[in-house]
Amino acid sequence: MAAAGPAARRAVVRRVAFGRHRTARAPSPVGPVETQEFPPVSVTVRVPAKVNVQLSVGAARPDGFHDLANVFLAVGLYDEVTVAPADTLRVTCEGPDAAHVPLDRTNLAARAAEALAARYGRSPAVHLHIAKDIPVAGGMAGGSADGAGALLACDALWGTGASRAELLDICAELGSDVPFSLVGGAALGTGRGERLTALDVGGTFRWVFAMAGRGLSTPAVFREFDRLGAGADIPEPVASAELIAALAKGDPDALAATVSNDLQPAALSLYPELADTLAAGLAAGALTALVSGSGPTTAFLVRDAASAETVARSLRASGTCRTVRTAAAPAPGATVLTA
Ligand SMILES: C[C@](O)(CO)[C@H](O)COP(=O)(O)OP(=O)(O)OC[C@H]1O[C@@H](n2ccc(N)nc2=O)[C@H](O)[C@@H]1O
Ligand SMILES: Nc1ncnc2c1ncn2[C@@H]1O[C@H](COP(=O)(O)OP(=O)(O)OP(=O)(O)O)[C@@H](O)[C@H]1O
């Protein structure tokens with residue numbers, strides 16, 4: 001599953017090095033030709049979005065975070081992060097939501113470059129360009145994807161050779177969702193979601209996503225979860241064995257029967273119109289409908305590609321959302337693209 005695994009990473013980086021970078025040939029009339037590799041000119045990494053098929057949330061911890069049983073599934077909607085040497089660290093972004101993406105050092109891609117540079121005692125001066133297709137503030141880990149993508153791209157550009165464990169450590173410092181953006185596939189996240197155990201997926205799951213008219217702030221949704229649950233006894237979050245079995249079987253009906261999201265009531269409380277989107281997708285034949293993570297993107301699991309088209313068409317016609325996309329899962333994690 002992990003396209004970002006050490007062996008895979010070495011392989012792709014080598015592909016980039018051989019495919020794209022200048023190789024100097026020293027003139028040598030006799031004897032073997034000497035070759036010398038130059039560092040890459042730029043590196044592009046593709047990173048998937050996620051949907052949470054189970055999101056069980058415990059009580060607020062003293063540090064303000066919540067313990068989770070968080071079953072992530074990477075889906076085939078992608079951002080691409082390109083990194084190239086520059087005089088100073090700067091970020092640019094293109095895509096339908098680009099206007100909502102911060103271009104200063106609060107951008108998760110910039111923070112990732114700074115974190116890796118600090119660890120290796122080097123300058124973080126790079127130009128990071130984000131081609132953004134994942135909705136912003138949509139509950140699909142778009143910023144996290146850019147953080148993981150920038151980290152892997154800088155690692156390849158600078159030839160730092162950081163281990164997978166080191167990269168995952170930096171990811172966890174950047175945000176709870178960032179480690180999963182690096183590894184992709186499917187995984188159970190415990191702790192605040194950053195401690196990952198890979199899960200088997202036995203087939204392709206088809207999804208339709210409805211993007212909402214505005215975003216929701218993740219901290220605000222967790223706060224609303226706390227407000228709605230105030231005074232109640234909040235159980236420890238536990239992963240569902242039935243759901244993990246459904247993923248392993250690749251069975252969409254079984255998965256539809258077991259998905260859950262404890263943040264959904266909080267997201268609906270802050271954005272009540274999402275109930276109309278969920279109802280429209282269900283009426284069109286989706287096997288199940290849920291808010292993706294902290295929302296407000298809504299996710300519809302369907303049986304096959306034909307059903308995805310039907311549900312997508314109905315959602316577009318319903319007037320209850322901004323845009324509609326279809327995607328398959330699982331998707332690989334952050335991957336260096338061939339030069
Ligand atoms: C809702 C999810 O997307 C589900 O995968 C994640 O739990 C959120 O992950 P994220 O966006 O990477 O969030 P972080 O950047 O780590 O945290 C942002 C804020 O969300 C809240 N937060 C996040 C994760 C968590 N387990 N408990 C929390 O209460 C905290 O208020 C935190 O300050
Ligand atoms: N590279 C980035 N892309 C988008 N937003 C970013 C980025 N870096 C920082 N941000 C900030 O993070 C906020 C949340 O954006 P993001 O798209 O990651 O939300 P999300 O998908 O709901 O996150 P999650 O699903 O991980 O909770 C944005 O409103 C923006 O201020």
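The values are calculated or read from the model by the stated rules, or taken from the named source; none is laboratory data. As the structure is a computational prediction, the values presented were derived from the model and not from experiment. Positions of Cβ are backbone-derived with ideal geometry, glycine not excepted, and every protein chain shown enters the neighbour counts.
Tally time: how many residues in region 81-119 are more than 13 Å from ligand 2 (Cβ to nearest atom), out of contact with any His (no Cβ under 6 Å at 6 or more places or on another chain), of a type outside the set (Val, Ile, Thr) and closer than 20 Å to Val41 by Cβ?
Qualifying residue count for the region: 5.
Could you list, in sequence order, all residues of region 253-263 that are surrounded by fewer than 22 Cβ atoms within 10 Å (Cβ to Cβ) and in contact (Cβ under 8 Å) with a residue 24 or more places away in the chain?
Matches in region 253-263: Asp253, Ala256, Ala257, Thr258, Ser260, Asp262.
In region 132-141, how many are within 9 Å of ligand 1 (Cβ to nearest atom) and in contact with a strand residue (DSSP E or B) (Cβ under 6 Å, 6 or more places away or on another chain)?
2
Looking at Thr160 and the list (1) part of a strand (DSSP E or B); (2) surrounded by fewer than 24 Cβ atoms within 10 Å (Cβ to Cβ); (3) among the β-branched types (Val, Ile, Thr), which single condition is not satisfied?
The single condition Thr160 does not satisfy is (1).
For Pro124, indicate whether it is buried (at least 19 other Cβ atoms within 10 Å of the Cβ), within 14 Å of ligand 1 (Cβ to nearest atom) and either at pLDDT 95 or above or under 18 Å from the mean Cα position of the chain (by Cα) (or both).
So Pro124 fails the test.
Keeping to region 284-335, report how many residues are of a type in the set (Val, Ile, Thr) and farther than 21 Å from Phe72 by Cβ.
Here is the first cut: in region 284-335, the ones of a type in the set (Val, Ile, Thr) are 288, 291, 297-298, 302, 310-311, 320, 323-324, 326, 335.
Filter once more, so that each one left must be farther than 21 Å from Phe72 by Cβ: 310-311, 320, 323-324.
Counting residues in region 284-335 that are of a type in the set (Val, Ile, Thr) and farther than 21 Å from Phe72 by Cβ gives 5.
Within region 142-183, can you find the residues that are within 11 Å of ligand 1 (Cβ to nearest atom) and either of a type in the set (Phe, Trp, Tyr) or not assigned by TED's automatic domain parsing to the domain that holds Ala84 (or both)?
Phe180
Test each condition in (1) within 16 Å of ligand 2 (Cβ to nearest atom); (2) within 23 Å of the chain's Cα centre (by Cα) for Leu270 and report the one that comes out false.
Single failed check for Leu270: (2).
Are there helices (runs of 4 or more DSSP H) fully within region 231-280 with at least 2 residues that are within 25 Å of Thr320 (Cβ to Cβ)? List them.
252-258, 264-270
Which residue is farthest from ligand 1 (Cβ to nearest atom), if the candidates are limited to region 103-116 and must be without any contact (Cβ under 8 Å) to a residue 40 or more places away in the chain and farther than 15 Å from Ala145 by Cβ?
Top of the filtered list is Leu103.
Going through region 286-307 one residue at a time, which ones are in a loop (DSSP other than H, G, I, E, B), touching a Leu at 6+ places or on another chain (Cβ under 7 Å) and either without any contact (Cβ under 8 Å) to a residue 24 or more places away in the chain or within 16 Å of ligand 1 (Cβ to nearest atom) (or both)?
Those that are in a loop (DSSP other than H, G, I, E, B), touching a Leu at 6+ places or on another chain (Cβ under 7 Å) and either without any contact (Cβ under 8 Å) to a residue 24 or more places away in the chain or within 16 Å of ligand 1 (Cβ to nearest atom) (or both): Gly293, Ser294, Gly295, Pro296.
Test Val51 against the stated conditions and say whether it is within 13 Å of ligand 2 (Cβ to nearest atom) and under 23 Å from Pro219 (Cα atoms).
yes
Among the residues of region 62-77, write down those that are surrounded by fewer than 20 Cβ atoms within 10 Å (Cβ to Cβ) and in contact (Cβ under 8 Å) with a residue 12 or more places away in the chain.
Phe65, Asp67, Gly76
Here are some residues: Ser217, Ser240. Which one is in contact (Cβ under 8 Å) with a residue 60 or more places away in the chain, closer than 30 Å to Ala308 by Cα, loosely packed, with under 15 Cβ neighbours inside 10 Å and assigned by TED's automatic domain parsing to the domain that holds Leu274?
Just one listed residue meets the conditions, Ser217.
For Arg214, only one of the following conditions fails: (1) at pLDDT below 95; (2) in a helix (DSSP H, G or I). What is its number?
(2)
Okay, residues lined up against (1) of a type outside the set (Lys, Arg); (2) in contact with a Ser or Thr (Cβ under 7 Å, 6 or more places away or on another chain); (3) outside any strand (DSSP E or B); (4) surrounded by fewer than 24 Cβ atoms within 10 Å (Cβ to Cβ):
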site	(1), (2), (3), (4)
His129	yes, yes, no, yes
Gly139	yes, yes, yes, no
Ala150	yes, no, yes, no
Cys154	yes, no, yes, no
Gly193	yes, yes, yes, no
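Answer yes or no as to whether Ala84 is surrounded by fewer than 20 Cβ atoms within 10 Å (Cβ to Cβ), in a strand (DSSP E or B) and of a type outside the set (Phe, Trp, Tyr).
Against the criterion (surrounded by fewer than 20 Cβ atoms within 10 Å (Cβ to Cβ), in a strand (DSSP E or B) and of a type outside the set (Phe, Trp, Tyr)), Ala84 qualifies.
Which one of Gly319, Gly285, Gly295 is buried (at least 21 other Cβ atoms within 10 Å of the Cβ) and small (Gly, Ala, Ser)?
Residue meeting the stated conditions: Gly295.
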